[in-house]
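K.L.:
Got a structure for you, questions after.
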Amino acid sequence: MKASYETAALRLGGKELRSRFFLGTGRFPSPAVMQLALDASGAEVITFAVRRVDLESYEDDSILQHLGERGLTYLPNTSGASTAEEAVRIARLARAAGLGNWIKIEISGSPVTLLPDPIETLKATDILANEGFVVLPYTSDDPILCKRLEEAGAAAVMPGASPIGTGLGLLNPYYLGLIMEGAKVPVIIDAGIGSPKDAAEAMELGAAAILANTPIAKAKDPVKMAQAFAMAIEAGRLASEAGRVPKKRYASASSDPAGSLFLQPASVSHGGEGY
């Protein structure tokens, strides 16, 4: 009988999540495809840009109107903000509209790289955490900055693997590993993930979860890709919990030399039999 293993639930913001896959809702060919991809992903948290939603009647949004009965956790984001003040205003509007108190801070410091502004992100995190928000800031892969965000009250930190939308994967696994090693809050890899392989690698490093959108939405088959990501994230988490063998500079045999068939015990005597 095939053994079955389950990873522990992720506890975040007062919730217990079985899925460690956070799904973005943009760039899909249609709302219908997005729905199917969401089913395939098993995701329990979805993110979307607040600026793209009519806050006076968000239930009628082309995406959100179909998700109300799924019991999902909404993670509205402040994409488009360029200052802490803008991000704070967007977060307050989202909560007042009934979208909950989870917020993903996105404050871009460059229109070319879309890398987050570290100073404004830290400022917004401090303000919103003190207002009772569950703050998940998107940040660069800077171990010191991630620690400062944690100290400011972030419920999780979300360093990018590489610039958003590039699909370049984990450009600096060493820094990401340092962030995970030092964090006392979940580390969710956000941005730059290009394939299920990247997601599995990040989870094996010790990530708590993966947030992805473009590699699923823009795949030839978004639904299959969503399932592939879900499987890779689960596999990476299991591998992390299992503990991989250490890397070595030189080869070593997988069998015990003492029990090798190629070694002759000293006690064996051929007795002149000629063989």
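Readers should treat all values here as calculations from the given coordinates under stated rules, not as data from a laboratory. Model, not experiment: these values are computed from the prediction. No Cβ is skipped: glycine too gets one built from the backbone with ideal geometry, and neighbour counts run over all protein chains shown.
K.L.:
I need 245, 157 ordered by Cβ neighbour count within 10 Å, fewest first.
P.N.:
245, 157
K.L.:
Another question, then. Hey, could you pull the Cα Rg and Dmax for region 15-247, both in Å?
P.N.:
For region 15-247, the Cα-based Rg and Dmax read 16.5, 55 Å.
K.L.:
Residue 254 to residue 51: extension gain in nm, 0.36 nm per residue of separation minus the Cα-Cα distance?
P.N.:
Using 0.36 nm per residue and subtracting the Cα-Cα distance, I get 67.4 nm.
K.L.:
I've got another one for you. Which percent, to the nearest 5, of DSSP beta bridges fully inside region 15-247 are antiparallel?
P.N.:
The antiparallel fraction comes to roughly 5 percent.
K.L.:
What's the exposure ranking of 174, 250, going from fewest to most Cβ atoms within 10 Å?
P.N.:
The fewest-first ordering by Cβ neighbours comes to 250, 174.
K.L.:
Step through the table entries 15/220; 224/248; 147/218; 15/247; 123/184; 123/218, compare each Cα-Cα distance with 31 Å, and write down the pairs that go over it.
P.N.:
Where the Cα-Cα span goes over 31 Å, the pairs concerned are 15/220; 224/248; 147/218; 15/247; 123/218.
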